[in-house]
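**Q** Just dropping this structure here.
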Amino acid sequence: MPSEKQISSAYRLARAAYADYGVDTEAALAKALSIPISLHCWQADDVRGLETPKEGLDSGGIMATGGYPGRARNGDEMRADLDVVLKLLPGRQRLNLHAFYAETGAKVVDRDALEPEHFSRWLAWAKERHVGLDFNPTYFAHLMATSGFTLSSPDKAVRRFWIDHGKACRRIAEHFSKKLGSPCVHNHWIPDGAKDAPADRWAPRARLVESFDTIFADKSVSRKHCVDAVEGKLFGLGSEDYVVGSQEFYSSYAQSRGLVLCLDLGHYHPTESVADKVSALMQFHPRILLHTSRPVRWDSDHVVILDDPVRSLFLEIARGAAWDRVFVALDFFDASINRLAAYVIGARATRQAILLGLLDPSKPLGQAEAAGRGHERLALMEQAKALPWGAVWDELCARADVPVRSNWLATVARHERDTLSKR
Ligand code: RNT
Ligand code: ZN
């Protein structure tokens, strides 16, 4: 592995190579380190949550597959794993919690009755580490979700329950924000939909508008603290034909209600480009939330890698200078490999894509385009792929004082030997 000196001399050469294309690697490094990435707590335990009882857990179409040993079984184990992960990641991180990670002790507290106090251990953990918290209501994995409908259910009692859950979660999100001094992104995703062609595609959508309007009508929760986002999708397990909260639904809903729109990389047709959507949506949406994920043939939530969809997504953010208008969060779950490694690979790949976006030689590309020299634009785009960005990435890790290259694997192996293998 390279010495500190080798890393910095490789970086000096890279800096000069990028400067030839009008790119300031110092500025790119500083910016890439400053953008917070919200780590999804649910990779640690295969999206199981900490509630008892567990009936209805399989509702909602969210499922991690694989049986790699060492799954975190409680909040303490999750936090211990996250502590290891945080030390291996460069830049700023946040933690993204889901409501069913409440810790209520011996008491059973249902989702509609959750309070900030049920997250006090998470909050204390976050405060101590200067990590901001984001939050999500959990509208799945519950007996009240087994019909496949929650906020859009025809059953008034079911709607009421989930509306109360949404409201309770907004108060918790606000609490996190106030306690940590950092706005809490509060993302609503519901599983509602139908496996087969419904006779009525209208009524559930009308009810969903009404339910959400009821949730957001609570003006006692400050929107500055609780930053609500809504996330649609194309289909899910058990909602193959019809998803109530589709992209069109949420794009319009978020825009008309002043909410943040969430785009998840796994939630579109495989040939759709999420990167292309950004400059269209952001003409109208002041802010968006990005869930980086990796769909393999479907919304499979594989570990994020540095693939073209992720790269081109952040390239678009860079070209639009839209960093202050996006929130970045991870969303994947893989139980077939070491779960800590999954975090590190996905979070590092996401930050690499951010860095690569910032290293784009946008200036000469734009000049070639403006002058009508398409051949030059294409040649420069091709050349940009061969610029020594790996040396800039190594420098970024060195500056952040985290293991360079794959050196982090040793820490994960040690944790597996000393801790995970004993679970
Ligand atoms: C589901 C959505 C959603 C969830 C998490 C657990 O398709 O992507 O974001 O993955 O809320
Ligand atoms: Zn998502």
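**Q** Within region 215-244, how many residues are within 16 Å of ligand 1 (Cβ to nearest atom) and among the aromatic types (F, W, Y)?
**A** 2
**Q** Okay, next question. May I ask you to list the residues in region 245-268 that are open to solvent by 20 Å² or more (accessible area, probe 1.4 Å), in contact (Cβ under 8 Å) with a residue 24 or more places away in the chain, away from ligand 1 (no atom under 15 Å from the Cβ) and closer than 22 Å to A194 by Cα?
**A** S251
**Q** Shifting gears a bit: Give region 28-47 a look and list any residue that's of a type outside the set (A, V, I, L, M, F, W, C), part of a helix (DSSP H, G or I), open to solvent by 10 Å² or more (accessible area, probe 1.4 Å) and touching a residue at least 60 places away in the same chain (Cβ under 8 Å), or say none. If you could, list the steps in order and put the result at the bottom.
**A** Filtering region 28-47 for residues of a type outside the set (A, V, I, L, M, F, W, C) gives 31, 34, 36, 38, 40, 43, 45-46.
The next check asks that each one be part of a helix (DSSP H, G or I); those that pass are 31, 34, 43.
Remaining after also requiring open to solvent by 10 Å² or more (accessible area, probe 1.4 Å): 31, 34.
Of everything in region 28-47, just one residue is of a type outside the set (A, V, I, L, M, F, W, C), part of a helix (DSSP H, G or I), open to solvent by 10 Å² or more (accessible area, probe 1.4 Å) and touching a residue at least 60 places away in the same chain (Cβ under 8 Å), namely K31.
**Q** Which number in (1) open to solvent by less than 10 Å² (accessible area, probe 1.4 Å); (2) within 16 Å of ligand 2 (Cβ to nearest atom) marks the one condition that T25 misses?
**A** Going through the list (1) open to solvent by less than 10 Å² (accessible area, probe 1.4 Å); (2) within 16 Å of ligand 2 (Cβ to nearest atom), T25 breaks only (2).
**Q** Quick one: in region 184-214, which of the residues that are assigned to a loop (DSSP other than H, G, I, E, B) and either at pLDDT below 95 or crowded, with 21+ Cβ neighbours inside 10 Å (or both) is nearest to ligand 1 (Cβ to nearest atom)?
**A** Quick first cut of region 184-214, residues assigned to a loop (DSSP other than H, G, I, E, B) only: 189-192, 195-202.
Remaining after also requiring either at pLDDT below 95 or crowded, with 21+ Cβ neighbours inside 10 Å (or both): 189-192.
Details: W189: 4, I190: 9, P191: 8, D192: 12 Å.
For region 184-214, the residue satisfying everything is W189.
**Q** Further question on the same structure: Is there a residue being under 21 Å from S293 (Cα atoms), open to solvent by less than 20 Å² (accessible area, probe 1.4 Å) and outside any helix (DSSP H, G or I) anywhere in region 215-228?
**A** First pass over region 215-228, keeping only residues under 21 Å from S293 (Cα atoms): 228.
Imposing the further condition that a residue be open to solvent by less than 20 Å² (accessible area, probe 1.4 Å) reduces the set to 228.
With the extra rule that they be outside any helix (DSSP H, G or I), the set shrinks to 228.
Yes, the conditions are met somewhere in region 215-228.
**Q** Further question on the same structure: Got at least one residue in region 55-62 being of a type in the set (D, E, K, R) and either surrounded by fewer than 16 Cβ atoms within 10 Å (Cβ to Cβ) or without any contact (Cβ under 8 Å) to a residue 40 or more places away in the chain (or both)?
**A** yes
**Q** Tally time: how many residues in region 296-342 are open to solvent by 50 Å² or more (accessible area, probe 1.4 Å), over 22 Å from L355 (Cβ atoms) and more than 16 Å from ligand 2 (Cβ to nearest atom)?
**A** 3
**Q** Is it the case that H165 is open to solvent by 10 Å² or more (accessible area, probe 1.4 Å), under 23 Å from F119 (Cβ atoms) and assigned to a helix (DSSP H, G or I)?
**A** When the stated conditions are applied, H165 does not pass them.
**Q** Which one of these is open to solvent by 20 Å² or more (accessible area, probe 1.4 Å), at pLDDT 95 or above, part of a loop (DSSP other than H, G, I, E, B) and of a type outside the set (S, T, Y): L50, L89?
**A** Of L50, L89, the one residue that is open to solvent by 20 Å² or more (accessible area, probe 1.4 Å), at pLDDT 95 or above, part of a loop (DSSP other than H, G, I, E, B) and of a type outside the set (S, T, Y) is L50.
**Q** Name the one entry in R170, R159 that is modelled with pLDDT of 95 or more and open to solvent by less than 10 Å² (accessible area, probe 1.4 Å).
**A** R170
**Q** May I pose another question? Out of G366, G372, G357, G390, which single residue is farther than 18 Å from T25 by Cα and either in contact (Cβ under 8 Å) with a residue 24 or more places away in the chain or part of a helix (DSSP H, G or I) (or both)?
**A** The conditions single out G366.
The values are calculated or read from the model by the stated rules, or taken from the named source; none is laboratory data. Just so we're clear, the structure is a prediction, and the values are computed from it rather than from any experiment. Every residue, glycine among them, receives a Cβ derived from its backbone with ideal geometry; neighbour counts consider all protein chains shown. All accessible areas refer to the heavy atoms of the entire protein, side chains included, with ligands and DNA or RNA removed. Shrake-Rupley method; radii C 1.70, N 1.55, O 1.52, S 1.80 Å.
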